[in-house]
Each structure stands twice: as C-alpha cells, then as structure tokens.
Amino acid sequence: MTTDILNLKNEKVGTIDLPEAVFGAKWNEALVKQVLIAQRANARDPWAHVKDRSEVAGSGRKPWRQKGTGRARHGMTSSPIWIGGGKSHGPRNDKDYSQKVNKKMKRAALFTVLSKKWKDGEVKVLDTLVTEAPKTALLSGALRKILNMKKGSKRYDALLVPSMTNAIVFRSSSNLPKAKAIDAASLNIYDILNHTNLLLEKDSIAVIEKHYHA
C-alpha cells in the first residue's frame, strides 16, 4: 500500500508504504459502534443533580405531634411530599455511565476506521504540518490547497495528526472552524469519524503502528 507524500504547497515530494495492519483492515460496523458508544459514555460527566431528603436545608424536627391535631402524621419537613423537601428518583451526579472495552477491541476499531478512511480517499500524508510560524493564516492557506476547498468555504473539516506534540500545529489550528490537531498516540475513533479529512505527518504513521502494537 503506497501513497504520495505532499508538502504544504500540495506538491508531491515522495511516497510512503502504509502498514497493511493499520490501513488494510476490514470494515466492522458493529465493533466500531460498540467502541464509539463506550468512548462517548466514558467521556460523559453527569451534572444534573437533585437533593434528596438528607441534603435539603432544614431541621429534623417533627412539624407537629403525632396524634391529636386532626392532621396527617409527618416526621420532618424534608420529606419529598413537602414543598421544599427532598426530591425522589431525580437525576444524581454520582451515576456511573462508563463502559469497559478492552485494548484489543479499541485497537481493532481504530484500524477499521483508519482503513475505511483510506479506502474512501479521505487520508492524506504530509511531510510536515509545521508552518513557518504559529499563525492561523499560514496553516489556513496550506489546508485550503490540500483540501481543495471552494472559495468562501469556512469549514476545514480536517483532523491533523503530527508525529509528536508540536505547539505550532496545535496553536495554528485552534482557531480554524472544524479543524483539530491531535497527537498520533492519542488517536480515537470519535475524532476520526467526526472529521471528513485525516491529515497525517509521514512520521506519525510509524508512531501509530508502534503505539498500538499493530
């Protein structure tokens, strides 16, 4: 599996062999769906929270004596049936939504998605993603050429994968609409599927292959 290496001027500067294990996997929709749902669930941070009867303000004093008033008996005003009392069966922020997925499944799902991107022609390999200076305008101009963007289009819809953490790449892409930079060792199927185009630095391919033990 051989593909061209491009520079930031969208010119061919060489070729590279892509590892079959990473970019030649068969599509497995069920696996991708399972891992994607687990990833989103594990990122979920429950914030909705209601107070139960032990958390609302107020004393534990009995509102009136048990017998002799003609009224219904009550133990405390924090009861859920009282106005201002605790809530029953409401959302709690201690709920755990996490799902377990083993490393082998995560790796297989990642390679499946990368292979699908490659087969669909949505993967491009660049010699470098680093511009002369950490300026959005420089990266923007380069991406417009590489992605063949139409005049007036503002959505770059690209995931940039440098071979290592690079402040220039991350800073230059931070203000581009629908563009994101991510470390090669931090790839995940949500970010890949959430962007149409995948732009890889040539050295990031070896990092991916080594990090995920292809």
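So that you can scan it fast, the table gives a plain yes or no per residue for (1) surrounded by 13 or more Cβ atoms within 10 Å (Cβ to Cβ); (2) among the aromatic types (Phe, Trp, Tyr); (3) over 21 Å from Asp17 (Cβ atoms):
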{"residue": "Lys100", "(1), (2), (3)": "no, no, yes"}
{"residue": "Lys106", "(1), (2), (3)": "yes, no, yes"}
{"residue": "Glu122", "(1), (2), (3)": "yes, no, no"}
{"residue": "Glu132", "(1), (2), (3)": "no, no, yes"}
{"residue": "Gly152", "(1), (2), (3)": "no, no, yes"}
{"residue": "Ala158", "(1), (2), (3)": "yes, no, yes"}
{"residue": "Ala167", "(1), (2), (3)": "no, no, yes"}
{"residue": "His211", "(1), (2), (3)": "yes, no, no"}
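Suppose we keep only residues that are aliphatic (A, V, I, L, M) and touching a residue at least 12 places away in the same chain (Cβ under 8 Å) within the range 79-119. Which one would you say is farthest from Val50 (Cα to Cα)? Per the criteria, the residue is Leu114.
Regarding Lys180, is this residue without any contact (Cβ under 8 Å) to a residue 40 or more places away in the chain, assigned by TED's automatic domain parsing to the domain that holds Glu11 and touching a His at 6+ places or on another chain (Cβ under 8 Å)?
Working: without any contact (Cβ under 8 Å) to a residue 40 or more places away in the chain: yes; assigned by TED's automatic domain parsing to the domain that holds Glu11: yes; touching a His at 6+ places or on another chain (Cβ under 8 Å): yes.
Taking the combined requirement at face value, the residue satisfies it.
Results for (1) surrounded by fewer than 14 Cβ atoms within 10 Å (Cβ to Cβ); (2) outside any loop (DSSP other than H, G, I, E, B); (3) not assigned by TED's automatic domain parsing to the domain that holds Asp127, shown as yes or no for each residue.
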| residue | (1), (2), (3) |
| --- | --- |
| Trp27 | yes, no, no |
| Lys33 | yes, yes, no |
| Ile37 | yes, yes, no |
| Ala57 | yes, no, yes |
| Thr69 | yes, no, yes |
| Arg73 | yes, no, yes |
| Ile81 | yes, no, yes |
| His89 | yes, no, yes |
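Could you list all residues from the range 194-209 that are exposed (fewer than 15 other Cβ atoms within 10 Å of the Cβ) and modelled with pLDDT of 95 or more? Correct list: Asn194 only.
The values are calculated or read from the model by the stated rules, or taken from the named source; none is laboratory data. Because the structure is predicted, anything quoted here is derived from the model rather than measured. Note that we place each Cβ from the backbone using ideal geometry, even for glycine, and neighbour counts take in every protein chain shown.
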